[in-house]
Amino acid sequence: MSDVARKSRQYSMCMVMETIVHCGPISRASIAKQTGLSKQTISEIAASLEESGWIRQIGRTSGHVGRSAVTYEIVPDAACIATVDLGGTKVRAAIADLSCNILTEVTEPTDSRGGVHVVHQISRLCRFAAKRNNIPFERVKLAVIGVPGVPDAETGCIFMAPNIAGFDQINVAHDLTQELGIDVIFENDVNLAVIGESWIGAGAGIDDLAYIALGTGIGAGLMVSGKLVRGHAGAAGELGFLPFGADPFEPDSLRIGALERVSATNGIRTRYFELSGQSAEVPAIFERAGEGDAQAQQVLDEIACYVARAVATIAVITNPGRIIMGGSIGARHELVDNVRALLPLCLARPVEIVVSDLGAKSALVGGAAIGLNHLHAILFSGGVPGAEISLPPANVVKMVAG
């Protein structure tokens, strides 16, 4: 087969697969109508895909004049990916299949020992998520890991992740690849979150988008003209290191980030203790503010000012059409309403602020989007540029906290 013929065949296969993924169960006649390919070409491709186990006959059309026709659908679990959201306090794992079903989520507290212990934990949870969905792990072809830091391709380390001990000292990429026995893609967790929201969440249909996650840490995922912004070394959006809040020249600010020191979980707890002399967790501080506790309200007012400054910084640099707030703290309506009220005082041009649609699942959904795009390319594009399959909306109904 000539190179031109091979490329043409690959394009045709991707067109057929994309149509079945989006519209199945679907007949060959309907595929022909949507793709413009000949019925003979579709029959040959369908036979090849069926023989390889990627699609199956699901029944026949009915209610039409003339003979009924065979319909096809994709075999959802013929190949799958694992998607993982690693946080400073929790690690979540789920399995996504070829039909963009994101299946049952399993969740555990992140192993506080960090390093290789977290690597082992991620591997175990990926295998457990597959087993829980009755999927043999050999069908899992790829894992996408969202990490609270910056993956370094040369060393395999994860830098700027102070909440996961030891990740900047070991080759996480090598170790986890060895543990799982499959290819692994690492991405910043907030980058995955903005991709997830862009796919099926609060940012769907918006090309210029920002997602701010505030919880154990603070960070941003940025999209400009529909493309993820990673920066020269992958550190774009590390909001915690903005030079305000705490003194940016103190050693702790170099390790954690000046803004993160005062705006994330530890900073909120510390500030409340300074004002009230009482220890309290962040949810309790929010509750006390709602009950009229003046010190708690002062803490939340201060946090809102810091977040408003961070939002304004993003707004004047990338000019997003929408900024999505997420994370255990960032998605709280008390904070978001306060930030909205402050922005006109420090920002000349208005920017829309909304709360995440996907909540704690945004990074898992984003990981599924990256992983399934990559997997479809490996399986069906044959390395031909431009031969790719667009993803339909994900089905997250089956994802239930484990």
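The values are calculated or read from the model by the stated rules, or taken from the named source; none is laboratory data. Note that the structure is predicted; figures quoted are calculated from it, not measured. Counting neighbours? That spans all protein chains shown, and the Cβs are built from the backbone with ideal geometry, glycine included.
If I filter region 165-189 down to residues being part of a loop (DSSP other than H, G, I, E, B) and of a type in the set (Val, Ile, Thr), which single residue comes out as surrounded by the most Cβ atoms within 10 Å (Cβ to Cβ)? Talk me through it step by step, then tell me what you get.
In the first step, residues of region 165-189 are kept if they are part of a loop (DSSP other than H, G, I, E, B); the result is 165-171, 181-182.
Then drop every residue that is not of a type in the set (Val, Ile, Thr), which leaves 170, 182.
Numbers: ILE170: 18, ILE182: 16.
Filtering region 165-189 for residues that are part of a loop (DSSP other than H, G, I, E, B) and of a type in the set (Val, Ile, Thr), the one surrounded by the most Cβ atoms within 10 Å (Cβ to Cβ) comes out as ILE170.
Condition (residue is surrounded by fewer than 17 Cβ atoms within 10 Å (Cβ to Cβ) and assigned by TED's automatic domain parsing to the domain that holds GLY166) applied to region 23-37: is it met by at least one residue?
Within region 23-37, not a single residue is surrounded by fewer than 17 Cβ atoms within 10 Å (Cβ to Cβ) and assigned by TED's automatic domain parsing to the domain that holds GLY166.
Looking at region 13-46 only, could you name the residues that are farther than 16 Å from ALA78 by Cα, in a helix (DSSP H, G or I) and among the aliphatic types (A, V, I, L, M)?
Passing the criteria: MET13, MET15, VAL16, ALA29, ILE31, ALA32, ILE42, ILE45.
Counting just the residues of region 227-271 that are part of a helix (DSSP H, G or I) and either of a type in the set (Lys, Arg) or touching a Cys at 6+ places or on another chain (Cβ under 7 Å) (or both), which one comes out farthest from GLN295 (Cα to Cα)?
So the residue we want is ARG255.
Please work out if ALA202 is on the phi < 0 side of the Ramachandran plot, without any contact (Cβ under 8 Å) to a residue 24 or more places away in the chain and not in a helix (DSSP H, G or I). Explain how you work it out, then say what you get.
Working: on the phi < 0 side of the Ramachandran plot: yes; without any contact (Cβ under 8 Å) to a residue 24 or more places away in the chain: no; not in a helix (DSSP H, G or I): yes.
No; evaluated as a whole, the condition is false for this residue.
Restricting attention to region 343-353, which residues are more than 16 Å from ILE329 (Cβ to Cβ) and not in a helix (DSSP H, G or I)? Explain how you work it out, then say what you get.
To start, the set of residues in region 343-353 that are more than 16 Å from ILE329 (Cβ to Cβ) comprises 343-352.
Once the filter is applied, which keeps residues that are more than 16 Å from ILE329 (Cβ to Cβ) and not in a helix (DSSP H, G or I), region 343-353 yields LEU347, ALA348, ARG349, PRO350, VAL351, GLU352.
Could we say that VAL400 is more than 30 Å from ARG340 (Cα to Cα), surrounded by fewer than 16 Cβ atoms within 10 Å (Cβ to Cβ), at pLDDT below 90 and of a type in the set (Val, Ile, Thr) here? First the steps, then the outcome.
On the way: more than 30 Å from ARG340 (Cα to Cα): yes; surrounded by fewer than 16 Cβ atoms within 10 Å (Cβ to Cβ): yes; at pLDDT below 90: yes; of a type in the set (Val, Ile, Thr): yes.
So VAL400 fits the description; yes.
Could you tell me which of the residues ALA289, ALA296 is surrounded by fewer than 23 Cβ atoms within 10 Å (Cβ to Cβ), among the hydrophobic types (A, V, I, L, M, F, W, C) and not in a loop (DSSP other than H, G, I, E, B)? Outline the logic, then answer.
Working: ALA296 fails: surrounded by fewer than 23 Cβ atoms within 10 Å (Cβ to Cβ).
That would be ALA289, the only listed residue that is surrounded by fewer than 23 Cβ atoms within 10 Å (Cβ to Cβ), among the hydrophobic types (A, V, I, L, M, F, W, C) and not in a loop (DSSP other than H, G, I, E, B).
For SER27, indicate whether it is among the polar types (S, T, N, Q), at pLDDT 90 or above and either farther than 14 Å from LEU98 by Cβ or in contact with a Leu (Cβ under 6 Å, 6 or more places away or on another chain) (or both).
Here the answer is yes, as SER27 does meet what is asked.
Take region 101-126 and flag every residue that is of a type in the set (Lys, Arg) and either free of Cβ contacts under 8 Å to residues at least 12 places away in the same chain or in the same structural domain as LEU239 (by TED's automatic domain parsing) (or both). Walk me through it before giving the result.
First, pick out the residues of region 101-126 that are of a type in the set (Lys, Arg): 113, 124.
ARG124 - this is the single residue of region 101-126 that is of a type in the set (Lys, Arg) and either free of Cβ contacts under 8 Å to residues at least 12 places away in the same chain or in the same structural domain as LEU239 (by TED's automatic domain parsing) (or both).
If I filter region 190-199 for residues that are touching a Leu at 6+ places or on another chain (Cβ under 9 Å), among the aromatic types (Phe, Trp, Tyr) and outside any helix (DSSP H, G or I), do I get at least one hit?
No, that holds for no residue.
Identify, please: which residue in region 255-285 is surrounded by fewer than 19 Cβ atoms within 10 Å (Cβ to Cβ) and within 22 Å of ILE158 (Cα to Cα) and is, among those, modelled with the highest pLDDT?
Here is the first cut: in region 255-285, the residues surrounded by fewer than 19 Cβ atoms within 10 Å (Cβ to Cβ) are 255, 266, 269-270, 273-279, 281, 283-284.
Within this subset, residues satisfying the condition of being within 22 Å of ILE158 (Cα to Cα) are 255, 266.
Numbers: ARG255: 90, ASN266: 95.
The residue in question is ASN266.
Quick check on this structure: which one of VAL316, VAL339, VAL311, VAL365 is assigned to a helix (DSSP H, G or I), within 16 Å of ALA220 (Cβ to Cβ), touching a helix residue (DSSP H, G or I) at 6+ places or on another chain (Cβ under 6 Å) and β-branched (Val, Ile, Thr)? Give the steps one after another, and end with the answer.
Numbers: VAL316 fails: touching a helix residue (DSSP H, G or I) at 6+ places or on another chain (Cβ under 6 Å); VAL311 fails: touching a helix residue (DSSP H, G or I) at 6+ places or on another chain (Cβ under 6 Å); VAL365 fails: within 16 Å of ALA220 (Cβ to Cβ).
Result of the check over VAL316, VAL339, VAL311, VAL365: VAL339.
Given (1) among the hydrophobic types (A, V, I, L, M, F, W, C); (2) over 21 Å from ALA304 (Cα atoms); (3) under 17 Å from the mean Cα position of the chain (by Cα), identify the lone condition not met by VAL355.
(2)
Among the residues of region 376-387, is there at least one that is closer than 30 Å to ALA143 by Cα and within 16 Å of the chain's Cα centre (by Cα)? Show your work before the answer.
We begin by selecting, within region 376-387, every residue closer than 30 Å to ALA143 by Cα; these are 376-387.
Filter once more, keeping what is within 16 Å of the chain's Cα centre (by Cα): none.
Within region 376-387 (the criterion being closer than 30 Å to ALA143 by Cα and within 16 Å of the chain's Cα centre (by Cα)), the answer is no, since none of the residues qualifies.
State whether the residues of region 374-393 include one that is touching a Phe, Trp or Tyr at 6+ places or on another chain (Cβ under 8 Å), at pLDDT 90 or above and not hydrophobic (A, V, I, L, M, F, W, C).
no
Looking at region 47-60, which of the residues that are out of contact with any Phe, Trp or Tyr (no Cβ under 9 Å at 6 or more places or on another chain) and in a strand (DSSP E or B) is farthest from VAL75 (Cα to Cα)?
By that ranking, first place goes to ARG60.
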